[in-house]
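Let me begin by presenting the structure, written as structure tokens, before commenting on it.
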Amino acid sequence: MKFFQKLLVAPATASIFLAPTLNGFAQESFDPIKDKQLIAQTPQEEEEGSNTLKISVTGTRTPRELKDVPASVNVINTEDIDNRGISDLRDLFKYDAGVSILSGSSAYTSTYGQNSVNIRGMDNNRVLIQRDDINLPARYTFSYDLGRGDYVDLKTLKTVEIFKGPASSLYGSDALGGLVSYRSLYPEDLLKDNEDLAIELPFSYDGSSNETAGTTRIALRNDESGVEAVIVATKSYGEEDNVNADKKYIDDSSIDKENIYTNIVKNIDDFTRINLIYENVSTERETIAATDSLSSSYSSVEEDVETKRWMGQIGYEYENPDSERFYNYAKLNIYKQNAKWKDGSDVEYPASVSRYTGAPTPAKSVVNDYTFEDDSEGINVQLRSSSSNGGWNNDFTYGVDYSTTFNTRPRKKTTTQSGVSTIENIKDTADADTTKYGVYLQNAVTFDNNERVELIAGLRYDKYDINAKNDAAYITTHDNIGVINEPVNLDEHSLNPSLSLIYDLSPDLSAYGKYSTAFRAPTYSELNTAHGNRIASGYYFLSNPELQPETSNNYEVGLKGDFSKFDFSLVGFVSKYEDMIDQTMSFDDAGLMVFKYTNAEEAEIYGWELSSEYNFNEREDGFSFLSSLAASYGENTSGDEDVPLGSIEPFKAIIGLKYATKDGKWTSELINTYVGEPRTSDDYADNPAEPYHVVDFINNFNVNDALAFDIGIYNLTDKTYFNYSTVKGRSESDVDVNRYSEPGRNIKAGFTFKF
């Protein structure tokens with residue numbers, strides 16, 4: 001299929017779903033911004049009491065209406081999180097067909113947290129995750145997949161913005177496939193204009209994990225001092241037992257989460273404010289996996305995994321559209337962030353025979369004490385200004401990002417065999433300091449003689465340095481492996497442009513085209529590893545001083561409508577990737593397997609996305625029809641023949657029917673999720689992920705202004721099914737495959753008390 005065919009056939013195919021609904025809407029009146037689409041309300045608009053609110057979307061770093069954003073964007077707000085029983089990342093993106101989460105449904109498969117967001121076939125560190133423009137820790141992938149999933153309490157968020165597609169021209173490295181941006185609660189998000197105190201008490205129960213959670217949100221305001229504050233505290237606890245579809249496998253586990261979040265705001269004047277944010281998130285998982293019937297490699301595992309993150313941030317914000325300064329908006333963030341992951345496990349191994357040497361190995365026990373730490377600090381500066389010249393109207397957005405991060409991954413391993421204990425201090429990966437510099441500029445241009453056209457051009461320069469450290473533990477690890485593997489440093493830079501054209505076909509309908517480039521620099525862990533077992537297992541890892549950043553060229557077209565009863569977004573895209581980083585294997589002269597990360601792949605991903613909502617009448621009440629559909633196709637084009645990419649999610653269609661009473665006290669949603677068959681290579685031909693339908697039924701009851709209930713029945717038909725991302729690479733013939741199935745029929749319920 002030719003390039004432009006790939007780019008255009010997707011929207012043409014998806015338009016089948018739109019044709020009946022679009023007919024007759026061309027002359028409808030324009031409702032510029034709907035409540036469900038809003039992200040931020042400026043202080044000036046609140047004071048004026050306007051119902052027309054600005055929105056802010058991560059894809060442009062500027063307040064814009066969703067229909068004017070040249071990208072596929074989804075926004076999830078606090079109300080969605082409370083009403084739909086959302087407690088983790090898997091729930092958060094459940095009804096967005098273009099996003100999936102790598103995680104397990106049971107405690108056994110999610111011991112290390114939910115840690116990878118997949119957008120358009122790009123996952124792991126190819127999707128940037130931020131909180132208030134601060135990058136969350138990168139995912140560490142080596143033996144364990146660590147990081148990202150458990151570092152944020154969703155009850156502290158105002159919105160979650162999902163930007164689908166590359167965003168390196170504004171956000172730099174890691175935004176190769178997309179961006180997830182968490183936006184924190186501010187006091188004004190809870191306080192009404194005439195209030196100086198607001199309290200919210202959400203409580204929830206998740207039947208899929210037997211987890212209960214209680215949250216306290218308190219907002220305060222003192223008009224005389226101009227000080228406002230919001231405090232959020234969350235405590236949750238769950239005990240899982242046989243939560244997978246097949247009750248044969250028992251993974252007894254518990255999960256304990258705690259969070260404290262504070263945001264103190266000082267309003268200096270009508271245009272200026274400073275704020276201080278502190279957050280501390282802690283998650284502890286304890287798992288006992290009974291595995292004697294599943295594997296001959298070990299008989300039992302007791303796992304205690306603890307994830308912690310704290311962050312302190314000082315912010316400054318100024319906004320005055322009539323400012324006589326060279327800027328009308330300024331934002332400054334200075335932050336310090338520390339994330340730590342610890343694994344304490346006790347593993348019992350039965351007596352065995354080495355598959356390489358044939359020598360018998362007596363039974364042994366191993367106690368592991370592993371640590372992964374990510375310590376970072378940085379500063380972000382963003383400015384906006386406007387100018388007009390010769391019929392050209394310019395809205396500039398420009399800024400600087402700087403951060404430095406220290407990573408360490410020490411392991412202590414105590415092995416007891418035949419009554420003798422030995423202690424090993426191991427460093428699979430060299431300690432490293434990573435420094436990032438980024439400078440960006442974006443200009444949105446409109447024309448006096450043609451108000452239908454808008455041109456958005458962006459450019460960002462990034463410098464990326466990694467300084468690895470060769471300490472005693474790293475050297476000892478190499479000595480044990482028997483190879484010399486000096487740590488590798490990195491000094492790279494990248495320049496990434498973007499160009500978008502938006503054309504208003506009518507006040508209700510707009511089209512856009514976009515071109516951009518993107519990149520992802522190698523992580524410190526991809527550059528430097530020192531793991532291996534030459535004697536028992538016949539393998540080892542090597543660093544690669546030649547490792548280069550991944551890059552892409554990206555093309556996107558879209559059509560967006562916002563009518564009085566109907567809104568939609570239809571997008572087609574093509575991305576071409578070069579120098580994709582992958583772990584490769586070769587053999588040395590002794591016949592041992594040698595692993596290292598290389599720039600081994602070229603790939604192409606293309607597809608389409610459609611989201612829509614149709615209201616059967618002009619009001620918010622009554623019936624409405626919602627849909628989210630996404631299809632991606634991808635091939636590894638490095639070899640003589642194209643091979644399907646294993647990271648591509650199957651076609652997904654989410655169709656929902658919603659009913660709301662006129663008084664707004666009751667809403668119900670019946671949501672059907674259909675997932676098609678994975679398009680995989682022969683290596684995954686017997687993957688257990690089959691096509692499936694899952695039906696959810698969600699209800700919300702607003703008793704009064706102070707009390708609201710929600711209850712949902714999920715997987716209403718008790719379907720046994722698998723998430724493709726979870727079982728990728730597994731076979732349906734695996735003895736323990738049902739351990740990885742998703743939960744059967746379960747109930748989530750909760751209430752929120754406000755006063």
Check your understanding: Does segment 327-343 hold any residues that are in contact with a Leu (Cβ under 6 Å, 6 or more places away or on another chain) and either assigned to a strand (DSSP E or B) or of a type in the set (Gly, Ala, Ser) (or both), and which are they?
Key -> ALA330, TRP341
Exercise for review: Search segment 365-386 for residues being in contact with a Ser or Thr (Cβ under 6 Å, 6 or more places away or on another chain) and under 22 Å from GLU303 (Cα atoms), and hand back the single one that is modelled with the highest pLDDT.
Suggested key: GLU373
Exercise for review: Determine whether segment 399-408 contains at least one residue that is in a loop (DSSP other than H, G, I, E, B) and either out of contact with any helix residue (DSSP H, G or I) (no Cβ under 6 Å at 6 or more places or on another chain) or not small (Gly, Ala, Ser) (or both).
Suggested key: no
Exercise for review: Report yes if some residue within segment 232-254 is at pLDDT 90 or above and over 25 Å from the mean Cα position of the chain (by Cα); otherwise report no.
Suggested key: no
Review point. Here is a list of conditions, (1) at pLDDT 90 or above; (2) assigned to a loop (DSSP other than H, G, I, E, B); (3) out of contact with any Asp or Glu (no Cβ under 9 Å at 6 or more places or on another chain); (4) surrounded by 24 or more Cβ atoms within 10 Å (Cβ to Cβ), and LEU176 meets all of them except one; can you say which number that is?
Key: (3)
Practice item. Return a yes/no flag: does segment 191-201 have any residue that is in contact (Cβ under 8 Å) with a residue 60 or more places away in the chain and either out of contact with any strand residue (DSSP E or B) (no Cβ under 8 Å at 6 or more places or on another chain) or closer than 18 Å to VAL574 by Cα (or both). Key: yes
Practice item. Scan segment 81-108 and report the pairs whose first residue is more than 20 Å from PHE697 (Cα to Cα) and hydroxyl-bearing (Ser, Thr, Tyr) and whose second residue is at pLDDT 80 or above and assigned to a loop (DSSP other than H, G, I, E, B), with Cβ atoms within less than 6 Å and a gap of 6+ or a chain change. Key: SER100/GLU649
Point to revise | Residues (surrounded by 22 or more Cβ atoms within 10 Å (Cβ to Cβ), charged (D, E, K, R) and over 29 Å from the mean Cα position of the chain (by Cα)) located in segment 487-534 | key: ASP508
Practice item. State yes or no: is SER100 within 23 Å of ASP462 (Cα to Cα), buried (at least 24 other Cβ atoms within 10 Å of the Cβ), modelled with pLDDT of 85 or more and hydroxyl-bearing (Ser, Thr, Tyr)? Key: no
Check your understanding: In this structure, is ALA198 touching a Leu at 6+ places or on another chain (Cβ under 6 Å) and either assigned to a helix (DSSP H, G or I) or farther than 30 Å from ALA518 by Cα (or both)?
Key -> yes
Practice item. Please state which of the following conditions GLU424 fails to meet, knowing it meets all the rest: (1) among the acidic types (Asp, Glu); (2) surrounded by 16 or more Cβ atoms within 10 Å (Cβ to Cβ); (3) more than 31 Å from the chain's Cα centre (by Cα). Key: (2)
Review point. Does GLY750 satisfy the condition of being in contact with a helix residue (DSSP H, G or I) (Cβ under 8 Å, 6 or more places away or on another chain), modelled with pLDDT of 80 or more and small (Gly, Ala, Ser)?
Key: yes
Exercise for review: For segment 192-222, name all the residues that are within 16 Å of LYS266 (Cα to Cα) and either surrounded by 18 or more Cβ atoms within 10 Å (Cβ to Cβ) or polar (S, T, N, Q) (or both).
Suggested key: ALA219, LEU220, ARG221, ASN222
Review point. Taking the condition at pLDDT 85 or above and touching a Pro at 6+ places or on another chain (Cβ under 9 Å), does THR397 pass?
Key: no
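One residue is enough: does segment 381-395 have a residue meeting the conditions in a strand (DSSP E or B) and more than 30 Å from ASN443 (Cβ to Cβ)?
Residues of segment 381-395 in a strand (DSSP E or B): 381-389, 392-395.
If we keep only those that are more than 30 Å from ASN443 (Cβ to Cβ) as well, we get none.
No - not one qualifying residue is present in segment 381-395.
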Review point. What's the number of the condition LEU547 fails, among (1) surrounded by 19 or more Cβ atoms within 10 Å (Cβ to Cβ); (2) at pLDDT below 85; (3) part of a loop (DSSP other than H, G, I, E, B)?
Key: (2)
Point to revise | Filtered residues of segment 589-632 (kept if surrounded by fewer than 20 Cβ atoms within 10 Å (Cβ to Cβ) and aromatic (Phe, Trp, Tyr)) | key: PHE595, TYR614, PHE616, PHE623, PHE625
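The values are calculated or read from the model by the stated rules, or taken from the named source; none is laboratory data. Since we're looking at a predicted model, the values are computed, not measured. So basically every Cβ, Gly included, is an ideal-geometry build from the backbone, and we count neighbours across all protein chains shown.
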